[in-house]
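Peer 1: The structure under discussion is supplied below as structure tokens; questions concerning it will follow.
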Amino acid sequence: MSDNDYLCGMNLSEIKDKTIAVLLSGGVDSSVVVHELAQQGLHPDCFYIKIGPEKEEEWDCSSEEDLEMATAVAHRYGCRLEVIDCHKEYWDQVTRYTMDKVRAGFTPNPDVMCNRLIKFGAFDEKKGHEYDLIATGHYAQTEWKDGGKWLTTSPDPVKDQTDFLAQIASWQLEKALFPIGHYVKNEVREIAEREHLVNARRKDSQGICFLGKINYNDYIRRYLGEQPGDVIELETGKRIGEHRGLWFHTIGQRKGLGFGGGPWFVVKKDVEANILYVSHGYDPATAYKKDFLVHDFHSLIPSSTPMGEQYAQQGLAAGSVCFKIRHTPEYHQAEIEPTGDGRYIIHSREKIHGVAPGQFCVVYDEQHHACWGSGEITL
């Protein structure tokens with residue numbers, strides 16, 4: 001593999017002239033990032049971002065173990081490690097975003113906003129601005145084409161994280177470096193084991209990045225409490241039970257509802273009346289959609305490219321695209337239709353389960369290679 005391929009469109013001589021900050025979490029992915037850079041004779045500065053729950057919380061959090069792992073890896077490669085406290089920024093910005101969305105009946109994605117507001121946002125304000133590049137363990141790539149830097153997908157369809165990066169700003173993408181983005185997960189594990197990294201066999205974190213082992217509903221309850229209301233069968237209008245709060249449920253949800261006579265699917269929320277609507281059956285038609293609206297589209301198309309110039313003048317043109325609405329390996333084919341007011345209608349070629357307002361619809365080219373950006377779904 002060439003140096004150009006290895007470092008996402010920048011050859012080794014260019015990288016050696018840059019100052020690099022690595023966001024080292026203590027997990028295996030970011031640890032292999034440090035190894036990969038060290039293999040090229042680079043000695044980046046490493047930073048552990050502290051974003052965990054408040055000290056007085058009794059929730060189980062793995063941050064102490066994370067920091068121990070990060071310290072060991074930085075020491076192994078002779079890199080400086082500094083802890084950057086972004087706790088206040090996280091709970092002021094990402095938590096506020098999450099709670100505002102769930103209170104309004106939407107389905108937010110805190111990890112998407114964490115990348116934009118914290119990892120490439122608050123960190124840059126506190127320390128990252130001193131560096132030319134910020135390297136992370138994301139499974140994503142960048143590619144220079146038509147004079148612009150594009151966000152492109154990883155060869156690992158299961159681990160690809162371009163959907164989590166689709167809300168970062170263009171200037172943040174300019175500084176982003178993904179040294180393991182060309183690998184699949186098994187290859188990263190093999191490197192970690194071959195090099196006897198302390199966390200080589202450590203399990204990947206699951207769920208929202210800062211929660212550790214905290215239950216998501218407990219997290220919501222901590223801030224919003226409970227607000228009981230009726231659960232109504234959509235087709236018949238029959239009351240089948242009571243919910244504890246609309247914010248504990250999302251469109252398309254089937255598990256954890258706790259109502260007899262199921263299975264039941266969540267298909268609609270009436271926030272004003274505090275009613276949760278469900279449909280009965282294993283695969284109700286009401287749980288699927290083919291057409292939905294996207295607003296506030298955030299573009300990652302490089303402005304210096306012909307497509308970027310066209311976007312600045314007219315927005316996305318009507319045509320064929322691929323998209324995702326959740327973090328899964330599958331991409332869906334669709335036609336995108338501008339509405340003329342800055343919004344877009346996605347016409348999926350197949351019915352999609354669980355389309356929910358507040359989710360991000362991430363748009364790619366037809367080959368699901370280049371990520372064009374993302375917008376928020378509205379119904």
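The values are calculated or read from the model by the stated rules, or taken from the named source; none is laboratory data. In this text, all values refer to a predicted model and were calculated from it rather than measured experimentally. Neighbour counts run over all protein chains shown; Cβ positions are idealised from the backbone, glycine included. Accessible surface is based on the protein model in full, side chains and every heavy atom, while ligands, DNA and RNA are left aside. Shrake-Rupley method; radii C 1.70, N 1.55, O 1.52, S 1.80 Å.
Peer 1: Give the residue that is nearest to residue 358 (Cα to Cα), with candidates limited to residues of the stretch 237-282 that are open to solvent by 30 Å² or more (accessible area, probe 1.4 Å) and touching a Pro at 6+ places or on another chain (Cβ under 7 Å).
Peer 2: 254
Peer 1: What strands (runs of 3 or more DSSP E) completely inside the stretch 284-379 contain at least 1 residues that are of a type outside the set (Val, Ile, Thr) and under 18 Å from residue 141 (Cα atoms)? Reasoning before the result, please.
Peer 2: Values: elements: 288-299, 319-324, 332-338, 344-353, 360-364, 370-378.
Per the criteria, 288-299, 319-324, 360-364, 370-378.
Per-residue answers, yes or no, for (1) under 21 Å from residue 268 (Cα atoms); (2) in contact with a Leu (Cβ under 6 Å, 6 or more places away or on another chain); (3) open to solvent by 40 Å² or more (accessible area, probe 1.4 Å); (4) of a type in the set (Val, Ile, Thr):
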site	(1), (2), (3), (4)
291	yes, no, yes, no
297	no, no, no, no
305	no, no, no, yes
308	no, no, no, no
315	no, no, no, no
329	no, no, yes, no
332	no, no, no, no
341	no, no, yes, no
354	yes, no, no, no
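Peer 1: Can you tell me which condition residue 256 does not meet? The list is (1) in contact (Cβ under 8 Å) with a residue 24 or more places away in the chain; (2) assigned to a loop (DSSP other than H, G, I, E, B), and all the others hold.
Peer 2: Checking residue 256 against (1) in contact (Cβ under 8 Å) with a residue 24 or more places away in the chain; (2) assigned to a loop (DSSP other than H, G, I, E, B), the one that fails is (1).
Peer 1: Can you name the condition, by its number, that residue 112 falls short on among (1) open to solvent by 20 Å² or more (accessible area, probe 1.4 Å); (2) at pLDDT below 95; (3) not polar (S, T, N, Q)?
Peer 2: Going through (1) open to solvent by 20 Å² or more (accessible area, probe 1.4 Å); (2) at pLDDT below 95; (3) not polar (S, T, N, Q) one by one, residue 112 breaks only (1).
Peer 1: Looking only at the stretch 356-375, decide whether some residue is at positive phi and free of Cβ contacts under 8 Å to residues at least 12 places away in the same chain. Give the derivation first.
Peer 2: Pass one, the stretch 356-375, residues at positive phi: 358, 368, 373.
Going one step further and asking which of them are free of Cβ contacts under 8 Å to residues at least 12 places away in the same chain, we end up with none.
Looking through the stretch 356-375, none of the residues is at positive phi and free of Cβ contacts under 8 Å to residues at least 12 places away in the same chain.
Peer 1: Separate question: Residue 199 passes all but one of (1) at pLDDT 95 or above; (2) part of a loop (DSSP other than H, G, I, E, B); which number fails?
Peer 2: Here residue 199 clears every test but (1).
Peer 1: Out of the residues in the stretch 170-188 meeting the condition of being surrounded by fewer than 22 Cβ atoms within 10 Å (Cβ to Cβ) and in contact with a helix residue (DSSP H, G or I) (Cβ under 7 Å, 6 or more places away or on another chain), tell me which one is nearest to residue 31 (Cα to Cα).
Peer 2: The residue in question is 182.
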